[in-house]
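What follows is one structure encoded as structure tokens, with my remarks underneath.
Where a number appears in this text, it was derived from the coordinates with a stated rule and is not lab data. From a predicted model like this one, the values you see are computed outputs, not experimental measurements. Neighbour counts run over all protein chains shown; Cβ positions are idealised from the backbone, glycine included.
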Amino acid sequence: MSIPGLAIDAFPHVRCSACGLGAPEAEAAPDLAQLLATMPVLQDIDADSLAGLAAGARLIEYEPGTPVFDRGSAPTGLFFVVAGGVKLVALGADARSRVVELFEHGRMFGEIGVFTGERYRTWTETVAPTTLLHVDKACVLTAVATDHALCQRMLRTVTARIQRLIDSIGVASPTTADVRVAAYLLELAERAEPSAPWLTLPAPKATIASLLNLSKESLSRVLRRMMDSGVLRVSGRRIRICAREQLVQLTTPAPFPDHAH
């Protein structure tokens, strides 16, 4: 079955709820404009721009471990995470794949291909049962060409993402495994609800390890050391920070020696 504005063949093993593919007949179609308006980058945007994006939007459900787009594939549009999570994977110089970013609820991805028109050099895969909003490339380009405020917001979002990637490279390159894990957990805590006593890793530990440029075994050893020293409590993918100051101390660079005297 073909879907207007979206080739379902490009998304294997998925279910398109908006068009009713694989869904019960009685199930009401979701309000795509309303869903789009909950995405941080699209909140409070011009009503005409929102309607234009919604006209080219499709809600797609994925099973865990399903590719969203492949390396070398042509961009079809923007993706917004409604639920679940997606990992962005790149091929390193050693020909090994590495997770470079995780997209969780509210995040946008696929914009590099949309705005450059080039085929993807990376690939993406779901890490859990995932629901995405796919917005057709032509609708996205029309919206940013006619809505300068939206264009500026997209630019700020992409720039912030680049800065996060630069920061992650800075943390991962010269530092120890303990520092990488500590920095990641502090970042995860900043994004969590202040009242939540436990953090939940957004992906399996093997994926988190790859994101931190570690082996799964190295990550497990670091978590065990932190548990033994009373810094953390760990239960599966749930982590409770018991001694935040020790994590902060791990990630705080030592001051340069003063040679003035």
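Among Lys205, Lys137, sorting on how many other beta-carbon atoms sit within 10 Å of each Cβ, with the fewest leading, yields Lys205, Lys137. Partner lysines whose Cα lies under 27 Å from the Cα of Lys216, excluding those fewer than 8 positions away in the same chain, are identified as Lys87, Lys205. Taking Cα centre as origin and charging only the Cβ of basic (Lys, Arg, +1) and acidic (Asp, Glu, -1) residues, the dipole magnitude of segment 25-82 rounds to 260 debye.
Each semi-axis of the equivalent ellipsoid for segment 114-233 is √(5λ) with λ an eigenvalue of the Cα gyration tensor; in descending order they amount to 34, 16, 15 Å.
In order along segment 59-74, the Karplus-derived 3J(HN,Hα) couplings, from 6.51 cos²θ - 1.76 cosθ + 1.60 at θ = phi - 60°, round to 9, 10, 10, 10, 7, x, x, 9, x, 9, 9, 9, 4, x, 7, 7 Hz, and Gly and Pro are given as x. Please state the shape class of segment 177-251: rounded when a/c is under 1.5, otherwise prolate if a/b exceeds b/c and oblate if not, all from the C-alpha gyration tensor. Because its axes are fairly even, with a/c under 1.5, segment 177-251 counts as rounded.
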